[in-house]
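Read the structure below first, then the notes.
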Amino acid sequence: MSDIAIKIENLSKQYRLGNVGTGTLTHDLKSWWATARGKEDPNLQIGLENKLAEKGGDYVYALKDINLEIKKGDIVGVIGKNGAGKSTLLKILSRVTTPTTGSIDLYGRVASLLEVGTGFHPELTGRENIFLNGAIMGMTKQEIKSKFDEIVEFAGVGKYIDTPVKRYSSGMYVRLAFAVAAHLDPEILIVDEVLAVGDVEFQKKALGKMQDVSKNEGRTVLFVSHNMGAIKTLCNKGILLLSGSCKYQGSSQDVINKYLELNDSKQLSYNNSNSSQSISISSVSILNLAKKEAVKYSEEIEIEIILKNTESISNLALGVAILNNWGNKIFTSVLRNVSVNRQQSKYILKVPESTLLNGNYSIDCAVFIPGGIVFDYINTICPFSIIDDGSEYSIYGSSDIGNIHVNCTWNEIN
């Protein structure tokens, strides 16, 4: 009997850029006829040019020639930068979309949690959605009933189980969706980063459940996350995607190391001046790194954030988190009661000297209304290093001494 759970051969997914059609058959025919004669498209958007010489320029590969074999019982972490193709791969495996070329073979029943609301009907209650999802997976009503109480208890939504899920918060939605996916006996469990919506306690609970279904029940888990600590702790295998291609596969530790090597070479600042959002993060940069690649332990860290806005907004919060080499947040600083009423606003966060210890770090940045909408969120940007220039920690050399220096009080008691 084969021990293969998922087999992927020459898998590619291609998308067409821009509008697929103009909206009417007449306009589509005019565009086709002009293109066939080498003329300019009469329906072209203002400011755009035809690029007839660039063959394939209207298409992009989200995935390109992926070949993988995943064994039963493996917990596989799928990592990569934003836009690497991680979510596209999971959607194809979950049968949400189809590949352009190639084939996939899934040996077992699949349950997936890709984004808030996937697989749930908003007008149905939590109870009805549990039975609906079970039926979609091919389970009998009696099988679902036997798991029902366990699902509700795990999700912690017993009080709201007969309420339409459209009234659930995003956290409640995710808790119930994960409980359904994990408890309805799938041979293959596919989980995207959506778990980040849940609170810390539920995240730990969910990670423990994924570990349990793999080790104790022999089921296969595919897990996408930017949290390298979670990948390291949970997964025994890893896959690194880069620009739609499988860059590396192996043990989770080896794949994480390869990913961190890629991050070390990325740009030292973030720029996004073309956002169309009402308020967005236009740029983030570490001013200390204008002419060097590392900050000394004895130096202050200056982080500059520029916001771009198209309307006046008040009661905003601007947050910056420092992440360590594993993607775990070390600390977060939030500026509250921010008001913007001009096109561009600049802020500088100063982290005191002798705060971060020797090591590699990066930044998360967000602009949001506390308890409300998140306008923009940028993760794992501006990588930088702290080098020890002769502190009291120098004696430890390169051993793991943590990330933060804290001024504690010592007292000798005779």
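The numbers here are math on the coordinates, done by the rules we state, and not lab data. Everything numeric in this text was worked out from a predicted model, so none of it was measured. Cβ atoms come from the backbone with ideal geometry, glycine included; neighbour counts cover every protein chain shown.
Restricting to Cα atoms and excluding each atom paired with itself, what does the Kirkwood estimate give for the stretch 61-264 in Å? Across the stretch 61-264, the inverse of the average 1/r is 17.4 Å. Using alpha carbons only, how many angstrom separate the centre of the stretch 79-113 from the centre of the stretch 165-180? Here the answer is 22 Å between Cα centres.
Multiplying the residue separation of S269 and L68 by 0.36 nm and removing their Cα-Cα distance gives an extension gain of 68.9 nm.
Put a plus charge on the Cβ of each Lys and Arg, a minus charge on the Cβ of each Asp and Glu, and nothing anywhere else: the dipole of the stretch 61-264 about its Cα centre is then about 80 debye. When peptides 85-95, 62-72 are ranked by their average number of other Cβ atoms within 10 Å per residue, the highest-first order is 85-95, 62-72. In order along the stretch 154-169, phi translates into HN-Hα couplings of 5, 6, x, 10, x, 5, 10, 5, 9, 9, x, 5, 5, 9, 6, 6 Hz, rounded to whole numbers, per the Karplus curve 6.51 cos²θ - 1.76 cosθ + 1.60 with θ = phi - 60° and x for Gly and Pro. Counting charges near N133 (Lys, Arg +1; Asp, Glu -1) among other residues having Cβ under 13 Å from its Cβ returns a value of +1.
Take 168-178, 153-163, 278-288 and order them by the average number of nearby Cβ atoms within 10 Å per residue, most first; the result is 168-178, 278-288, 153-163. Packing around the peptides 341-349, 212-220, 129-137, taken as the average count of other Cβ atoms within 10 Å per residue, puts them in this order, highest first: 129-137, 212-220, 341-349.
In this structure, the pairs whose alpha-carbon distance is over 29 Å, taken from K145/K166; K86/K145; K166/K232; K237/K296; K81/K159, are K86/K145; K166/K232; K237/K296; K81/K159. The modelled label-to-label distance between T332 and F148, using points 7 Å beyond Cα along the C-beta direction, is 3.8 nm.
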